[in-house]
Amino acid sequence: MHSRIQTLYISFIVVLALVILRLSYWQIIRGDDLAGEAYDQYVSKDVISGIRGEIITADNFPLVLNQVVYTLGAYLPAVLDTPSSIVERVMPKLSLTIDDPAIATDEAKLKVALADLRSTTESTMLERLGKSGYTVLSRSLSIDEKEAISALDIKGLIFDQSFIREYPESSMSAQLTGFVGRDDVGNPTGYFGLEGYYDRELAGRSRIEKQEKDAGGNPLLVGDFQLLPGRTGRTLKLYLERGTQYLVEEELKNGLELYGAIAGEVIVMDPKTGGILAMASLPSYDPAKFYLYDTFLYKNPAVANTYEPGSTFKVLVMAAAFNEGVVKEDDHCDICAGPYPIGKYNIKTWNQEYRAGATPVDIIVHSDNVGMVWTEQKLGGEKFLEYLKKFGFGQKTGIDLQEEISSNLRTKWGDIDYATSSFGQGIAVTSIQMLAAVAAIANNGVLMEPHLVESVLGDTAVAIPPKSKGEVISRETSQRITNIMVQAVEEGEAQWAAPKGYKIAGKTGTAQIAVEGHYDTQKTIASFVGFAPADNPRFVMLVKLSEPSSSQWAAETAAPLWFSIAQKLLLRYNLAPNR
Amino acid sequence: MKLIKVLSLLIIILVITNVTLTNRTLDEGLVISNLTADLTTLQNQNTIIRSQVALAGSIGRLTTKLSESGFVASPDIIPLPTAPSLATR
């Protein structure tokens, strides 16, 4: 009897030990995991997406802002109607549109495409309503669509709010603003331009609310509550002026048609601050429907593409020679009587006309390539390279656009390289580099960093002060080279197009395009860079046209376009003629 | 016996206080919840109105409206110099 009791006792001990071991397993080893799972069951988490900051112009008009859109979803356990009934009632409330402009503008194609889209949307909805749990039925609904569907009072339908970017000026400034897409995990992310460069500032922070709730979903007031407050993204205020931007965009569009160019760029900058007042390029894309366009259009060509600047570069080389004192206004070129041989090459003028004893003024006014070789030889290769770097070539300008590239200077320089670079061939620059360098002449020799954003507005406004990159040439040199640029406008090939009564400094540039190791004799990049009024510049502007077909010369294409824009800008800035 | 009565009374008072405070917290929680919802709605309306105003006042739209109203850009704009003319010298 005693032994049976003892056995029973031991059995109890063993069972108790097993229970203790099992409980220890659940409570000690798996305790944290289970506590987490339980917490997930009774804690609800609400995430409200943060609103992305806006981009506004200097005159406080929005260039990019947000629009509320809704995602229509269905929580299927709560749905009482049949899938076909829901689809039948919801579909008429949806505004289906076709984005592709090729179809949207063709009535017959549009009708067929809309019918297809309607049929696809219906079948997708029916299929999803046949599943369990939560499902998305339609995205990007407007507030009107949301209210129309809400009025149907269908149980189980849920609307989630989100924001998309809207572009009220729906303009060619797409390559300036960039666009907002989605990253790998589906979060809104800025790509290219300002959206890409200032993504962290623009991005809003989501509001996350965690609260313990009872089985009915009601908050437990004595339960745990955590709140991570949301934050609206910061707003970017630009130097860019809405009116100037519109004017430039329209003029560029007209200029491209008039001169038959395949692409074009116009940049207007305040030389004193480096603030970009307008920046337009064509061809462009619609940032709201960026996915419909070729990806090569996403990059801003003014900062992401290089070109050979041609004769516009001459003013910089001459400025360097003046600043070093190796060339003066009354010096005479002693190699300008004819073509100048360098090795196996012959340097010629653009029109085969030669001016023996040409002065620096003659060289710039008549855009004399041989004269520029003479100037460069006076300056010397070492100083030539030093000034290239001081003017900002071979490095990024620092403009606040994501895709800016640096045009690297060649590492080995031969005599022919120095010679051709002196008149802007055989050297690659970006449009913004070229503009910033000429802006230094307009700004008494001081190079400014080009910048788009003037201040970042949030809880507190943070101004981004203009940034000087140092004095490249002296004030006196800048005035001397300005005078020559004024003469280039008034006595050069494009004098007929210049607005009367204004003192404008500028220079044309017609650069041949290198194709497969040689220069194409027909294709050119025509550009004009200058500033006005020359005595106290309000703006410096670069106009660049790629492969103009009406004429290959800048004097007959880019220069008239520059003057046409300049005339309107001078009016806009209330600058009256002064002579 | 007296102590038991005092403690019982204390417990009843504490229970009533607890219920009252919980009720008030619940009411205020609901008010805050409604205010938060109203705030979100107003912020959304603000976003929508800002967008509508921006669209209505965009230069492209204004240009179209002006053009439809018969306004045309002057082909020749002659800026007048600030220097006094001969007649006023």
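The values are calculated or read from the model by the stated rules, or taken from the named source; none is laboratory data. Please read these numbers as outputs of a predicted model, since none were measured by experiment. Glycine gets a Cβ as well: all are built from the backbone with ideal geometry, and neighbour counts include every protein chain shown.
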In the stretch A:347-369, anything among the aromatic types (Phe, Trp, Tyr) and either loosely packed, with under 14 Cβ neighbours inside 10 Å or over 41 Å from the mean Cα position of the chain (by Cα) (or both) is listed as A:TYR354
Looking only at the stretch A:494-506, decide whether some residue is farther than 26 Å from A:GLU241 by Cα, in contact with a helix residue (DSSP H, G or I) (Cβ under 8 Å, 6 or more places away or on another chain) and either modelled with pLDDT under 90 or part of a strand (DSSP E or B) (or both). yes
Counting only residues that are of a type in the set (Asp, Glu) and either under 30 Å from A:THR235 (Cα atoms) or touching a helix residue (DSSP H, G or I) at 6+ places or on another chain (Cβ under 7 Å) (or both), the stretch A:454-487 contains a total of 2
Filter the stretch A:315-334 for residues that are among the aliphatic types (A, V, I, L, M) and assigned to a loop (DSSP other than H, G, I, E, B); the one that is surrounded by the fewest Cβ atoms within 10 Å (Cβ to Cβ) is A:VAL326
In the stretch A:120-150, anything free of Cβ contacts under 8 Å to residues at least 40 places away in the same chain, more than 38 Å from the chain's Cα centre (by Cα) and over 21 Å from A:GLN161 (Cβ atoms) is listed as A:GLU122, A:SER123, A:GLU127
The number of residues in the stretch B:27-40 that are loosely packed, with under 12 Cβ neighbours inside 10 Å and at the interface with chain A (Cβ under 10 Å from one of its Cβ atoms) is 3
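Let's see how each residue does on (1) closer than 29 Å to A:THR232 by Cβ; (2) touching a residue at least 24 places away in the same chain (Cβ under 8 Å):
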position	(1), (2)
A:TYR39	no, no
A:LEU72	yes, yes
A:SER84	no, yes
A:SER95	yes, yes
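Restricting to the stretch B:49-71, what's the tally of residues that are out of contact with any helix residue (DSSP H, G or I) (no Cβ under 6 Å at 6 or more places or on another chain), among the hydrophobic types (A, V, I, L, M, F, W, C) and within 7 Å of chain A (Cβ to nearest Cβ)?
Step one: list which residues in the stretch B:49-71 are out of contact with any helix residue (DSSP H, G or I) (no Cβ under 6 Å at 6 or more places or on another chain), which gives B:49-58, B:60-71.
Narrowing the set further to residues that are among the hydrophobic types (A, V, I, L, M, F, W, C) leaves B:49, B:53-56, B:62, B:66, B:71.
Checking the rest, the ones that are also within 7 Å of chain A (Cβ to nearest Cβ) come to B:54-55.
Residues in the stretch B:49-71 being out of contact with any helix residue (DSSP H, G or I) (no Cβ under 6 Å at 6 or more places or on another chain), among the hydrophobic types (A, V, I, L, M, F, W, C) and within 7 Å of chain A (Cβ to nearest Cβ): 2 in total.
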A:ALA337 fails exactly one of (1) over 28 Å from A:VAL472 (Cα atoms); (2) part of a strand (DSSP E or B), namely (2)
The helices (runs of 4 or more DSSP H) lying entirely within the stretch A:1-91 that contain at least 3 residues which are hydrophobic (A, V, I, L, M, F, W, C) and surrounded by 12 or more Cβ atoms within 10 Å (Cβ to Cβ) are A:83-90
Just to be sure, is A:GLU169 within 14 Å of chain B (Cβ to nearest Cβ), more than 25 Å from the chain's Cα centre (by Cα) and among the acidic types (Asp, Glu)?
no
If we keep only residues of the stretch A:249-292 that are in a helix (DSSP H, G or I) and under 18 Å from the mean Cα position of the chain (by Cα), then the residue farthest from A:TYR167 (Cα to Cα) is A:LEU252
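For residues that are of a type in the set (S, T, N, Q), in contact (Cβ under 8 Å) with a residue 24 or more places away in the chain and not in a strand (DSSP E or B), tally how many sit in the stretch A:521-579.
Taking the stretch A:521-579 as the starting set, the residues that turn out to be of a type in the set (S, T, N, Q) are A:521-522, A:524, A:527, A:536, A:546, A:549-552, A:557, A:564, A:567, A:574, A:578.
Then keep just the ones that are in contact (Cβ under 8 Å) with a residue 24 or more places away in the chain; that gives A:522, A:524, A:527, A:546, A:549-552, A:557, A:564, A:567, A:578.
Filter once more, so that each one left must be not in a strand (DSSP E or B): A:549-552, A:557, A:564, A:567, A:578.
Here the count works out to 8.
Of the residues that sit in the stretch A:538-577 and are of a type in the set (Ser, Thr, Tyr) and within 14 Å of chain B (Cβ to nearest Cβ), which one is surrounded by the most Cβ atoms within 10 Å (Cβ to Cβ)? I'd like the intermediate steps shown before the answer.
Initial filter on the stretch A:538-577 (of a type in the set (Ser, Thr, Tyr)): A:546, A:549-551, A:557, A:564, A:573.
From the residues that got through so far, the ones that are within 14 Å of chain B (Cβ to nearest Cβ) too are A:564, A:573.
On the way: A:SER564: 17, A:TYR573: 14.
Taking the candidates together, the pick is A:SER564.
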Among residues of the stretch A:172-207 being within 14 Å of chain B (Cβ to nearest Cβ) and over 16 Å from A:VAL64 (Cα atoms), the residue surrounded by the most Cβ atoms within 10 Å (Cβ to Cβ) is A:ARG207
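In the stretch A:378-397, how many residues are in contact with a strand residue (DSSP E or B) (Cβ under 8 Å, 6 or more places away or on another chain) and not hydroxyl-bearing (Ser, Thr, Tyr)?
Kept after step one, since they are in contact with a strand residue (DSSP E or B) (Cβ under 8 Å, 6 or more places away or on another chain), are these residues of the stretch A:378-397: A:390-393, A:397.
Adding the requirement that they be not hydroxyl-bearing (Ser, Thr, Tyr) leaves A:390-393.
Result for the stretch A:378-397: 4.
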When the stretch A:367-413 is checked residue by residue, the ones that are of a type in the set (Val, Ile, Thr), touching a helix residue (DSSP H, G or I) at 6+ places or on another chain (Cβ under 6 Å) and over 14 Å from A:GLY424 (Cα atoms) are A:THR397, A:ILE399, A:ILE405
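Conditions (1) loosely packed, with under 10 Cβ neighbours inside 10 Å; (2) modelled with pLDDT of 90 or more; (3) under 30 Å from A:GLN245 (Cα atoms), marked per residue:
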| residue | (1), (2), (3) |
| --- | --- |
| B:VAL15 | no, yes, no |
| B:THR25 | no, no, no |
| B:SER51 | no, no, yes |
| B:GLU68 | yes, yes, yes |
| B:PRO75 | yes, no, yes |
| B:ALA87 | yes, no, no |
With criteria (1) of a type outside the set (Asp, Glu); (2) surrounded by fewer than 19 Cβ atoms within 10 Å (Cβ to Cβ); (3) within 14 Å of chain B (Cβ to nearest Cβ), A:GLN495 comes up short on (3)
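When the residues of the stretch A:145-156 are filtered to those that are in contact with a helix residue (DSSP H, G or I) (Cβ under 7 Å, 6 or more places away or on another chain) and of a type in the set (A, V, I, L, M, F, W, C), which remaining residue is surrounded by the most Cβ atoms within 10 Å (Cβ to Cβ)?
Here the residue is A:ILE149.
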(message) Looking for something more than 14 Å from chain B (Cβ to nearest Cβ) and over 20 Å from A:GLU127 (Cβ atoms) - is there at least one such residue anywhere in the stretch A:79-95?
(response) yes
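Given the residues A:GLY458, A:GLY424, which is the only one that is modelled with pLDDT under 95 and buried (at least 23 other Cβ atoms within 10 Å of the Cβ)?
Details: A:GLY458 fails: buried (at least 23 other Cβ atoms within 10 Å of the Cβ).
That would be A:GLY424, the only listed residue that is modelled with pLDDT under 95 and buried (at least 23 other Cβ atoms within 10 Å of the Cβ).
Right, A:ALA532: within 14 Å of another protein chain (Cβ to nearest Cβ), within 27 Å of the chain's Cα centre (by Cα) and over 17 Å from A:VAL365 (Cβ atoms) or not?
Details: within 14 Å of another protein chain (Cβ to nearest Cβ): yes; within 27 Å of the chain's Cα centre (by Cα): yes; over 17 Å from A:VAL365 (Cβ atoms): yes.
Yes: the conditions hold for A:ALA532.
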Over the stretch A:230-251, the set of residues farther than 25 Å from A:THR557 by Cα and in contact with a Gly (Cβ under 9 Å, 6 or more places away or on another chain) is A:GLY230, A:ARG231, A:THR232, A:GLY233, A:ARG234, A:THR235, A:LEU236, A:LEU238, A:TYR239, A:LEU240
